[in-house]
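So the structure is just underneath, and the comments pick up after that.
Any read-out appearing in this document is the output of simple, stated calculations on the displayed coordinates, not a laboratory observation. Source: prediction; values computed, not measured. Because the Cβ atoms are built from the backbone with ideal geometry, glycine has one as well, and the counts that use them run over all protein chains shown.
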2 protein chains.
Amino acid sequence: MGQPTATPAAKTHTARPTVIVEAPRLARKLGLDLVLATETFQHTGSFKFRATYHVVSHVPNPLVIAASSGNFGQAMAYACSLVGKQSIVVMPQTSARVKVNAVREYGGQVEFVDVRAKSRAARVAELAAEHPEAYIASAYDDPLVIEGNSSLGDELARLNRPLDVVVAPVGGGGLTSGIISGLRRAGKSLEVIGAEPLLGNDAARSLRAGHIVANESEPQTIADGARTVSVGIHNWPILKDGLGGIVEVPEENIARAVRMLFELANLKAEPTGALSVGALLTDPDRFRERRVCCVISGGNVDPAVYRELLDNP
Amino acid sequence: MGQPTATPAAKTHTARPTVIVEAPRLARKLGLDLVLATETFQHTGSFKFRATYHVVSHVPNPLVIAASSGNFGQAMAYACSLVGKQSIVVMPQTSARVKVNAVREYGGQVEFVDVRAKSRAARVAELAAEHPEAYIASAYDDPLVIEGNSSLGDELARLNRPLDVVVAPVGGGGLTSGIISGLRRAGKSLEVIGAEPLLGNDAARSLRAGHIVANESEPQTIADGARTVSVGIHNWPILKDGLGGIVEVPEENIARAVRMLFELANLKAEPTGALSVGALLTDPDRFRERRVCCVISGGNVDPAVYRELLDNP
């Protein structure tokens, strides 16, 4: 356990190309031309590996500390194992056992925090004091994260098909700022639209206000990858100029999008990953007759949660 | 409804390339080197389109009649719609509504048969008499089907990675005989192992007997794509010489394989599609330390059935 996998793709240490999935039945249902760019088959099951591998291979530190109960922690642990570095992932004591096990399987050391007694940030600060050699990693607010995620923008720019708009989830803004950066670098003037849970619509409110607006607390959306208090200060200038808009997706449309991806595209997506399709359901007029690429950001979802989602038509 | 989709990939009218999914967590669990070749994102969600498109574009008939309550009917309806032909799909009256709707959405005409009063074959014979211009299509026992499915063998032969063995489901033998044909044509001496439900193990018994052995009746395995009475006479000579063996997979390992693909590879597979991974669970010694490619033949499964499968750890 904890060893890098022996498959050839892993040995190359680079991100797997995003998987393009045609979805004509879903497209017909939605009345548009649609292609899915899914990161569910990326290393560790989400786009996060693009960022974490770029971070750990560009900082000199032998140890990386990250706070994450989800995809970022798994991706950081795996990326560190590939380059021979150590990782500590701070997780709430209440984290699902499968997520804790996944971090450990990828070679990460898990540090629990009782979030009723202490914040995750406080626990990270303690660990940082104990380990002055460590790099303290942010899941989104870091130029290296943006640069790592920009590889997805590169790939979308090279897609050999006409597109009008890319839709991708917004939490802290790491993914969308990366996509925008990659498309810009390629000289591609493709509109990028964010898909944000209505329950945590700080990025949409920030765009309206013209400055970063934060949620009062971590929003309790089912899209657990977008439970961020605000976008990052490194992400904001890119989003402010580069986003064509943000669709605020109600919880029921996130769930419906997960089901539609299952039924009409054979794709297992986690709720955060389905946000982009949820945006098409929420604001259909914005996308009608357009050639849309939806980024499905990840696929890691507990079987029990997924069963619930499939049960509500 | 019933119109060919407007996506560029559909306009080209050829099969989509199989999607290669790395599955290091699943591989580690199984103790081997593993890659998945998934047909779940093929047109109509299963490998069947490879065969149906080849059939309908090679026969002169303007109408095709097929008996199928599953993937073959959908694939036939869609292939006919692409080349401007008509299709009639004979389905039991008790077929799931979603499957009936899928055939109709792809442009097929559904003819119901009350299987308590009349066999599907008898209904097909009646329709054939009414429509002398029709081609009566078999899902597996047809050289054109084998030739169509051989395109997957071509693709596996061209995979740029070292492999020792390909594992694929066996029902009527259309898929495995196609894969063997494609690999042979490419001069590739890669072992091909069949994965068959133990409940309907006629192909395994046929290999042992040296001639085609039939099940007494349609086996009631959860792998509904493998509910065939025997392999076809066109498939048999290819399987007899070309298969390295058949693993007979108990129902519980089919279900376990569906769950493991969900949990460890983010892949939604139908029970028939998970047979190849079920074979690894059933006969691990045969595959240990080998470089294995599992063909996931399709992903079309009802949400209710899938929820059940996820519920049994």
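Per-structure values
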| read-out | value |
| --- | --- |
| Per residue Cα convex hull volume in Å³ - calculated over region B:48-137 | 72 Å³ |
| Overall form of region A:265-309 per C-alpha gyration tensor (a/c, 1.5; a/b vs b/c) | prolate |
| Normalised contact order of region B:181-313, rounded percent, pairs of Cα under 8 Å and 6 or more residues apart | 24 percent |
| Residues with amide H under 5 Å from that of B:Gly245, placed H, sequence gap 5 or more | B:Gly194 |
| Cα gyration tensor, region A:147-195 - rounded (a/c under 1.5), prolate or oblate | oblate |
| Inter-copy label distances at B:Pro143 (7 Å, Cα→Cβ; nm, one decimal) | 6.6 |
| Förster radius 41 Å - calculated FRET efficiency between B:Ser217 and B:Ala128 (Cβ-Cβ, nearest 0.05) | 0.95 |
| Rounded to 5, percent antiparallel among DSSP beta bridges of region A:48-137 | 0 percent |
| Cα Rg, Dmax (largest Cα-Cα span) when computed across the protein assembly as shown, Å | 24.9, 84 |
| Calculated label separations, A:Lys29, copies of the chain, 7 Å along the beta-carbon direction, nm | 2.7 |
| Choice from B:Asn235, B:Asn266, B:Asn215 showing the highest fluctuation, given a GNM over chain B with Cα pairs closer than 10 Å | B:Asn266 |
| Cβ-defined net charge surrounding B:Ala186, 10 Å radius [Lys, Arg +1; Asp, Glu -1] | +2 |
| Per principal axis, descending, Cα span of chain B in whole Å | 56, 42, 40 |
| Percent RCO, i.e. relative contact order, over region A:48-137, from Cα pairs under 8 Å lying at least 6 residues apart | 33 percent |
| Coil-residue GluC sites (Glu not before Pro) of region A:161-258, DSSP, other Cβ within 10 Å capped at 12 | A:Glu216 |
| Sequence-distant residues sharing a close amide H with B:Val167 (under 5 Å, placed H) | B:Ile193, B:Cys293, B:Cys294, B:Val295 |
| Projected-area average for region A:59-112 over all orientations - Cα convex hull basis, square nanometres | 3.1 nm² |
| Region A:188-245: Cα Rg divided by the 2.2 N^0.38 Å rule of thumb | 1.11 |
| Extent along principal axes [Cα atoms of region B:160-220; Å; largest to smallest] | 42, 21, 17 |
| Relative contact order, percent, chain B [alpha-carbon distance under 8 Å, six or more residues apart] | 20 percent |
| Bridge type composition, the protein assembly as shown - antiparallel percent by DSSP, nearest 5 | 15 percent |
| Pseudo-label separations to other copies for B:Ser57 - Cα-to-Cβ vector, 7 Å, nm | 3.9 |
| Tensor-based shape of region A:148-289 (alpha-carbon gyration tensor, a/c under 1.5 rounded, otherwise prolate or oblate) | oblate |
